[in-house]
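A.B. asks: Structure incoming, see below.
The values are calculated or read from the model by the stated rules, or taken from the named source; none is laboratory data. This structure is a prediction, so every number in the text was calculated from the model and none was measured. Cβ placement follows ideal geometry from the backbone for every residue including glycine, while neighbour counts extend to all protein chains displayed. Just so you know, the surface numbers come from the protein's heavy atoms only, side chains and all, with ligands and any DNA or RNA stripped out. Shrake-Rupley method; radii C 1.70, N 1.55, O 1.52, S 1.80 Å.
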Amino acid sequence: MEYNFRKIEQEWQKKWMETGAYTVSNDSTKPKCYVLDMFPYPSGAGLHVGHPLGYIASDIFARYKRLKGFNVLHPMGYDSFGLPAEQYALETGQHPAVTTNNNIATFRSQLDKIGFCFDWTREVRTSDPKYYKWTQWIFLQLFGSWYNPVADKAESIQTLVTIFETAGNKATGKTNEGFSAAAWNAFTETRKREILMDYRLAFSSYGEVNWCEALGTVLANDEVVNGLSERGGHPVVKRKMRQWYLRITAYADRLLAGLEKVAFSESLKEQQRNWIGKSQGAEISFALSTEDVQLTVYTTRPDTIFGVDFMVIAPEHELVSKITTAEQKTAIDNYLTYVKSRSDRERMAEVKQVTGCFTGAYAINPFDGRKIPVWIAEYVLAGYGTGAIMGVPCGDQRDYDFAKHFELPVTNIIGDAFDGITANATKDAVLSDSGFLNGVPMRDAIDTVITKLVEMGIGKRQINYKMRDAGFSRQRYWGEPFPIVWTDGEAYPLAEKDLPLELPHVDKYGPGPMGEGPLANLADWMNTPAGKRETSTMPGYAGSSWYFLRYMDPHNNENFCDRKVSDYWNQVDVYVGGTEHAVGHLLYSRMWTKVLYDLGHICFDEPYKRLVNQGMITGRSYFFKTDESGSQIVSYKKDEPAATFKRMKYGHQYVDNVGKLTKTAFDKSLQDHPSDAATMVVDWQNDGEDFIYLKEESEKMSKSKFNVDNPDDLVDKYGADTFRMYEMFLGPVEASKPWDTKGIEGVHRFLKKLWRLFFDEIKGKSWKDEKASPGELKILHRAIRKIEDDTERFSYNTAVSTFMICVNELNDIKCHKKPILEQLLVLLTPYAPHIAEELWQQLGNAGSILDAAYPVFDVQYVTESSKEYPVSVNGKVRTNISMALDISQAEVEHLILANEVVQKWLEGKAPKKIIYVKNKMINVVI
RNA sequence: GCCCAUGUGGCGGAAUUGGUAGACGCAGCAGACUCAAAAUCUGCCAUUCGCAAGGGUGUGAAGGUUCGAUUCCUUUCGUGGGCACCA
């Protein structure tokens, strides 16, 4: 009987589907485990080999936990709203709903072939009205809440109204522009609503937004990369528009603090911390010598105040026109014109270039009365801090460069720590030439100066964040409509009973008038008796910010998720996905979770307990080296100087492991892809060899690089079980690695070998129902211990190795005993479920192996190991020399090596040398 | 520039977290079976000296701690990723 994987896999996939083997109940006495994948955006390209990597990893974990007796939630769905479908609609006229459904069908059929244990009865799609009803509902929760800094959490906006009515706005932490309770009560309704809008967690405001002309929409900060749109790479410009925002900045501190209690990788946490960009410092107000105004700067280094040689304010700063002197007016105007002419891209590209202009005004140093010139320069950003800085050239390289460029004096306040050539940003130096701070270490001076500033009433401690509130409007069609109606310039929420506000059908996907989205073209839909509907839609991250909650209770029409159910499933125990969402999705969903927690809808405030980032699988690309003329292909040798290269299209499967392409393979490649022939001409006669070497590179997989491998082909050829195990065997889940199918044969061989433990090709059944010997049990239990440990740690590559070793050992001793094989199959189930189930049934077991009990590791079979050196202390045998680390000096004195044991272990060879060493350690040299 | 990873055979990668470095797999070499091929099986496979027994050297480089370092510390180089006028 042969290992017929095609038949086995098809049969079991069908059977498991029919019997609902993967359906999970919310009602169980078992402990729960929630294993989640980042759901995919259903793109037209379908799956490539990089996609399933994370899905397989989580699938193994989910199956493993199930065997260990957990009630495991392991769902899948689609992030089905988004830009690409709409772009495609613009080009082809096909409705995004149609293309999205087609793409989902393709995805599903590809996923099914790999044999995942998803509970498909819980599938969610963000573009389904039954789903986005609740996205809209959560938006209304955000709209209806504010962040109470005293309670340090979100509360209903009603509590804010009560505070205003009884105490004015002093109690809310906003100290500028205060109003009393009486003043509030006297405000008009419109004024009140305007003020409340400044507090809402989802709010509308005029602001500078990232406008992408090519996409016709606004983008969030994390969707803009180097001044270009993340999708498509189109230019992005700043533009003032009325927009919806999420007040994520209110959660900056809690998002930061929450990182301490979750198991994310250090680099991912670091990325989030960077993005939030918390910095502690001070705001200092300087008097200006000419005007009756103050210039407030933000600095993290108030200790360097005696080293201030100039001030720089952003060109957009409101004081610029006020303080510029008559003599400098022309120069400043010219500079402002220059700044306006430059795009963000140019500014970013020319970071090193120093520009600026003197305003003619001077600020006064409050401590020594020195006159400090005030400049404007584009390196100071209007949007951060106060848009003004104090320049300390000896302590900050940018300030130093600025001073040198404009020949400003440089004051040294750190003595020898400043070499006069480069700035030194140290905090460890001792201050000099610093008035009352002379001799004080800089680190300590920070607090001293702030205290003094506060006393003098010209400064205060201040914390700033780089993170901005997140833009939440998109001028697009294919997204959630806002449940908002505008009347007299005021936003009014829809009642809960009117949700979902369904996306109306459109025939054209072009933008509406005045920079509005396509929905603005639908007068009938837009204009309602109550007012004009909001025509922008929500961004892609809206639906994905809470989907993990919907999986728990996907068919609930009364609630986004029943509280009892979310109490049961609780946090996601393991979340598997790529790092590309580090600062987007992961931050937004953490914020939404905190809001829902604050408002009492769920009982936890971090969504994901543990995050596993799967690495990227890179494709192999091959390049032909060409001669000078560029028309002839010649052999490429390592260490050769760079020459012209041409990308080999389609051909990577013809090249062998060392980049060698033989004439036969080359001819076959041309035969299969005749279109390549024109660009690939090799004069084999001239070279006198029947092969050439190609240059090989690892690149991100993409269609345009012709290096995409499709999982379907591999599953057809080797089966899902082989494919699953091979993807895991390739290397650690978290590492990026090149895709190479050459090793898949080895894994396939392993499964065939496993099969032969049960069935002989000629004699048929070879397993026997006999009692296992201790030696056999030892092999099994070593595997149990290692595989269980590896699976918990997501170290799947070493687990697969262990399977191979175990099967090899059983094969060597010709062990075909049922008790051993049976347990081995259970161990294997998470990795290769189809073959495990088939053989399980062949052994005559009644139930499905999916519900079998995970083997229990028995320590008695594995205490002996050839790696362990027996050493005896006071006649008592210690089995592992490393354990001897904790023995005392006295024990060492009395140490007796049990020579008989050692000799037995070393097959008759006595130890050559026994070294008694100090510090509790004994070495045995064999 | 700053931050975070990372560096081990021809290749992907192991190493019980300080204790025989190179497990397992791929590729390669030799052999068995076969008319032949496929499949399967056996042996070899870091490097260097040696017929061999057996030595020497080896985890990017240089130091340090330790009886002992791929693992910990310092410096340095290379690669990958993130942030980038954030004061």
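A.B. asks: Taking amide hydrogens as modeled 1.01 Å from N in the peptide plane, which residues meet the under 5 Å criterion relative to A:Ala363, leaving out close sequence neighbours?
C.D. replies: Here A:Ser289, A:Ile372, A:Val374 satisfy the definition.
A.B. asks: Estimate the FRET efficiency between A:Asp713 and A:Gln94 by the formula 1/(1 + (r/R0)^6), using the beta-carbon distance for r and 22 Å for R0, to the nearest 0.05. If you can, show how the numbers build up before the last one.
C.D. replies: Details: r = 28 Å, r/R0 = 1.26.
Efficiency at R0 = 22 Å is approximately 0.20.
A.B. asks: May I pose another question? With a Förster radius of 35 Å, plug the Cβ-Cβ distance of A:Ser736 and A:Ser205 into 1/(1 + (r/R0)^6) and report the FRET value to the nearest 0.05.
C.D. replies: It comes out at approximately 0.30.
A.B. asks: Check the straight Cα-Cα distances from A:Lys700 and name the aspartates and glutamates below 19 Å, setting aside those fewer than 8 residues away within the same chain.
C.D. replies: Candidates past the 8-residue exclusion: A:Glu230, A:Glu580, A:Asp709, A:Glu727, A:Glu734, A:Asp740.
A.B. asks: To continue, here is another question. Tell me the relative contact order for region A:244-390 as a rounded percent, counting alpha carbon contacts under 8 Å between residues six or more apart.
C.D. replies: Relative contact order, region A:244-390: 30 percent.
A.B. asks: In debye, nearest 20, what is the charge dipole magnitude of chain A about its Cα centre with +1 on Lys and Arg Cβ and -1 on Asp and Glu Cβ, if you could check?
C.D. replies: The dipole of chain A has a size of about 1700 debye.
A.B. asks: Between region A:98-150 and region A:419-480, what is the separation of their alpha carbon centroids in Å?
C.D. replies: 42 Å
A.B. asks: Looking at the square roots a ≥ b ≥ c of the eigenvalues of the Cα gyration tensor of region A:770-849, which shape do they give, rounded for a/c under 1.5, prolate if a/b is larger than b/c, or oblate? List each step's numbers first, then the result.
C.D. replies: On the way: a/c = 1.91, a/b = 1.12, b/c = 1.71.
Oblate, because a/c is 1.5 or more while a/b does not exceed b/c.
A.B. asks: Another question, then. Averaged over every viewing direction, what's the projected area of the C-alpha convex hull for region A:190-265? Give it in nm², one decimal, please.
C.D. replies: Hull-based average projected area comes out at 7.2 nm².
A.B. asks: Gain in length, A:Val354 to A:Gln842, computed as 0.36 nm per residue apart minus the alpha-carbon separation, to one decimal in nm?
C.D. replies: Extra length available between A:Val354 and A:Gln842 comes to 168.0 nm.
A.B. asks: A follow-up question, please. According to the Cα gyration tensor, what semi-axes, each the square root of 5 times an eigenvalue, does the equivalent ellipsoid of region A:231-387 have, listed from largest to smallest in whole Å?
C.D. replies: Values: eigenvalues 218, 108, 41 Å².
Each semi-axis is the square root of five times an eigenvalue, giving 33, 23, 14 Å.
A.B. asks: Moving on to the next point. I need the peptides A:527-539, A:51-63, A:252-264, A:543-555 ranked by packing, meaning the mean over residues of other C-beta atoms within 10 angstrom, with the highest value on top.
C.D. replies: So the order, starting with the most tightly packed, is A:51-63, A:543-555, A:527-539, A:252-264.
A.B. asks: How high is the relative contact order of region A:505-596, in percent, with contacts defined as C-alpha pairs under 8 Å that are six or more residues apart?
C.D. replies: This gives 20 percent for region A:505-596.
A.B. asks: Taking the Cβ-Cβ separation of A:Asp253 and A:Lys753 as r and a Förster radius of 45 Å, what is the calculated FRET efficiency to the nearest 0.05? Display every interim value, and only then the final one.
C.D. replies: Details: r = 56 Å, r/R0 = 1.25.
My answer for the efficiency is 0.20.
A.B. asks: Just how large is the dipole of region A:294-422 about the Cα centre, in debye to the nearest 20, putting +1 at every Lys and Arg Cβ and -1 at every Asp and Glu Cβ? Could the numbers behind the result be given before it?
C.D. replies: Details: 12 positive and 17 negative charges, 62 e Å.
Here region A:294-422 has a charge dipole of around 300 debye.
A.B. asks: Along each of the three principal axes of the Cα atoms of region A:429-522, give the extent in whole Å, ordering the values from largest to smallest.
C.D. replies: Per principal axis, max minus min of the Cα coordinates gives 74, 28, 22 Å.
A.B. asks: Within the set of other residues whose C-beta is less than 14 Å from the C-beta of A:Glu455, count the net charge using Lys and Arg as +1 and Asp and Glu as -1.
C.D. replies: On the way: positive: A:Lys452, A:Lys460, A:Arg461; negative: A:Asp447.
It works out to a net charge of +2.
A.B. asks: What is the diffusion coefficient of chain A in µm²/s, taking the Kirkwood radius over Cα pairs and the Stokes-Einstein relation at 37 °C with a viscosity of 0.692 mPa s?
C.D. replies: 98 µm²/s
A.B. asks: Could you check the simple spin-label distance between A:Val150 and A:Ser321, using points 7 Å along Cα→Cβ, in nm with one decimal?
C.D. replies: Label at A:Val150, label at A:Ser321, 4.0 nm between them.
A.B. asks: So, one more: Please report the accessible area of A:Glu378 (heavy atoms, 1.4 Å probe, ligands and nucleic acids excluded) in Å², nearest 10.
C.D. replies: A:Glu378 has an accessible surface of roughly 20 Å² with all protein chains in place.
A.B. asks: Further, regarding this structure: How large is the dipole of region A:462-590 about the Cα centre if only Lys and Arg carry +1 and Asp and Glu carry -1, each at its Cβ, rounded to the nearest 20 debye? Don't skip to the answer; put the middle values down first.
C.D. replies: Numbers: 12 positive and 17 negative charges, 80 e Å.
Roughly 380 debye for region A:462-590.
A.B. asks: Continuing with the same structure: Specify which residue in the list A:Asn797, A:Leu827, A:Ile813 is farthest towards the positive end of the charge dipole of region A:786-839, using unit charges on the beta carbon of Lys, Arg (+1) and Asp, Glu (-1), about the Cα centre.
C.D. replies: The listed residue farthest towards the positive side: A:Ile813.
A.B. asks: Next question. In whole angstrom, and with the biggest value first, how far do the Cα coordinates of region A:1-122 range along each principal axis?
C.D. replies: Largest to smallest, the principal-axis extents are 50, 41, 26 Å.
A.B. asks: Under a no-solvent Debye model with one identical scatterer per Cα of region A:110-234, what's log10 I(q)/I(0) at q = 0.11, 0.23 Å⁻¹?
C.D. replies: The Cα Debye sum returns log10 ratios of -0.66, -1.23.
A.B. asks: Follow-up. By per-residue mean of other Cβ atoms within 10 Å, what is the highest-first order of A:266-275, A:831-840, A:317-326?
C.D. replies: The densest-packed peptide leads the list: A:831-840, A:317-326, A:266-275.
A.B. asks: Which one of A:Val430, A:Gln397, A:Leu381 has its Cα pushed farthest toward the positive end of the charge dipole of region A:316-442, where Lys and Arg give +1 and Asp and Glu give -1 at the Cβ?
C.D. replies: Of the options given, the answer is A:Leu381.
A.B. asks: Please list, in chain and number order, the residues 5+ apart from A:Glu213 or on another chain whose amide H is under 5 Å from its amide H, with Hs placed from the backbone.
C.D. replies: Result for A:Glu213 returns A:Val237.
A.B. asks: Assuming 0.36 nm per residue, please report the length gained on full extension of the stretch A:Arg370 to A:Thr422 beyond their Cα-Cα distance.
C.D. replies: Additional length available on full extension: 16.3 nm.
A.B. asks: Which pairs break 26 Å Cα to Cα here: A:Lys778/A:Lys814; A:Lys14/A:Lys564; A:Lys7/A:Lys765; A:Lys7/A:Lys663? Could the numbers behind the result be given before it?
C.D. replies: Values: A:Lys778/A:Lys814 15 Å; A:Lys14/A:Lys564 33 Å; A:Lys7/A:Lys765 19 Å; A:Lys7/A:Lys663 38 Å.
Beyond 26 Å: A:Lys14/A:Lys564; A:Lys7/A:Lys663.
A.B. asks: At q = 0.10, 0.18 Å⁻¹, work out log10 I(q)/I(0) for region A:284-370 with the Debye formula, treating every Cα as an identical point scatterer and leaving solvent out; two decimals please.
C.D. replies: -0.30, -0.91
A.B. asks: How much net charge surrounds A:Asn521 when only other residues with a Cβ under 11 Å from its Cβ are counted (Lys, Arg +1; Asp, Glu -1)? Could the numbers behind the result be given before it?
C.D. replies: On the way: positive: A:Lys508; negative: A:Asp507, A:Glu516, A:Asp524.
That sum, taken over residues with Cβ under 11 Å, equals -2.
A.B. asks: Put +1 on the Cβ of every Lys and Arg and -1 on every Asp and Glu Cβ in chain A; which of A:Ala314, A:Gln272, A:Gly360 then has its Cα farthest towards the positive end of the dipole?
C.D. replies: Of A:Ala314, A:Gln272, A:Gly360, it is A:Gln272.
A.B. asks: Only Cα pairs under 8 Å and at least 6 apart count here; give the relative contact order of chain A as a rounded whole percent. Write down the numbers at each step before the final one.
C.D. replies: Values: 1595 pairs, mean separation 123.5, N = 926.
Dividing the mean separation by the residue count of chain A yields 13 percent.
A.B. asks: Another question, then. Just subtract the alpha-carbon distance of A:Lys768 and A:Glu490 from 0.36 nm times their residue separation and send over the number in nm, one decimal.
C.D. replies: So the extension gain works out to 92.1 nm.
A.B. asks: Still on this structure, please answer the following. Among the listed pairs A:Lys497/A:Lys532; A:Lys240/A:Lys261; A:Lys609/A:Lys786; A:Lys609/A:Lys742; A:Lys322/A:Lys371; A:Lys278/A:Lys322, which are separated by more than 29 Å between their Cα atoms?
C.D. replies: A:Lys240/A:Lys261; A:Lys609/A:Lys742; A:Lys278/A:Lys322
A.B. asks: Hey, can you rank A:471-479, A:711-719 by average C-beta count inside 10 Å, highest first?
C.D. replies: A:471-479, A:711-719
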